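Asker: Before anything else, here's the structure in question.
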Amino acid sequence: MYRVLGADGKEYGPVSAEVLRQWIVQGRANAQTQVKPEGVAHWQTLASVPEFEPDFAVAPGATPSLPLSATAAETKTSGMAITSLVLGILGLFTCGVTSLVGLILGIIALVKINRSGGRLSGNGLAISGICVSAIFVLMVPICAAMLLPALWDP
């Protein structure tokens with residue numbers, strides 16, 4: 001059994017050797033992935049663990065592939081978080097109609113980002129989208145309350 005240090009800096013596991021091999025095939029782990037075998041006190045690269053050396057052996061005449069760095073490991077910015085912020089800003093021009101959608105998308109985006117395990121980024125965008133959308137959603141009834149007495153003609 002192994003503990004794995006993810007690209008997000010979090011510790012995962014215990015994980016079996018078979019699961020680690022599946023992660024290697026899927027590209028979720030590579031030769032530079034930090035692991036700590038059970039009973040060992042220090043972290044080491046996956047390629048330096050004797051059990052996994054054959055998984056990273058390069059065939060004669062083949063060129064070794066470049067290791068994935070932690071920053072290049074499939075980190076994407078959440079499109080939903082960006083959309084939330086844009087819809088929140090557009091709420092100024094649409095009397096808050098798009099802000100309601102932006103608020104919902106911002107909350108969903110924030111939940112997905114937190115559950116993605118570091119594969120999605122955009123926490124700040126999602127929070128900004130939620131805040132801007134909420135401000136415009138709350139401004140609509142306030143503006144309506146201010147406008148209605150002016151339109152009332154006794």
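Every read-out reported here was derived from the displayed coordinates using simple, explicitly stated rules and does not represent laboratory data. Note that the coordinates shown come from a computational prediction; the quantities given were computed from them, not determined experimentally. When we count neighbours, we look across all protein chains shown, and the Cβ atoms used for this are built from the backbone with ideal geometry, even at glycine.
Asker: Compute the acute angle (0 to 90°) between the alpha-carbon long axis of helix 123-151 and the principal axis of greatest extent of the alpha-carbon atoms of the chain; round to the nearest 10°.
Answerer: It works out to around 10 degrees.
Asker: How large is the Kirkwood hydrodynamic radius of the chain, in angstrom, based on all distinct alpha carbon pairs?
Answerer: Answer for the chain: a Kirkwood hydrodynamic radius of 19.0 Å.
Asker: OK, next. Note down the magnitude of the dipole of the chain about its Cα centre, charges +1 on Lys and Arg C-beta and -1 on Asp and Glu C-beta and zero elsewhere, to the nearest 20 debye.
Answerer: Dipole of the chain, to the nearest 20 debye: 120 debye.
Asker: Moving on to the next point. Can you tell me the orientation of helix 79-90 relative to the chain, as the angle in degrees between its alpha-carbon axis and the longest Cα principal axis, to the nearest 10?
Answerer: Approximately 20 degrees, to the nearest 10.
Asker: Does anyone have the angle between helix 97-115 and the longest principal axis of the chain? Alpha-carbon axes, 0 to 90°, nearest 10?
Answerer: So the helix axis and the longest Cα principal axis differ by about 20 degrees.
Asker: With Rg and the Kirkwood Rh both taken from Cα atoms, where does Rg over Rh land for the stretch 76-151?
Answerer: 1.14
Asker: Cut-off under 21 Å on the C-alpha distance; same-chain residues fewer than 8 positions from K112 excluded. Which lysines are left, in chain and number order?
Answerer: K10, K76
Asker: Do the sum for the chain: with -39,500 (n - 2.57) for every DSSP H run of n ≥ 4, divided by all residues, what is the mean residue ellipticity at 222 nm, to the nearest 500 deg cm²/dmol?
Answerer: Helix contribution divided over all residues of the chain: -15500 deg cm²/dmol.
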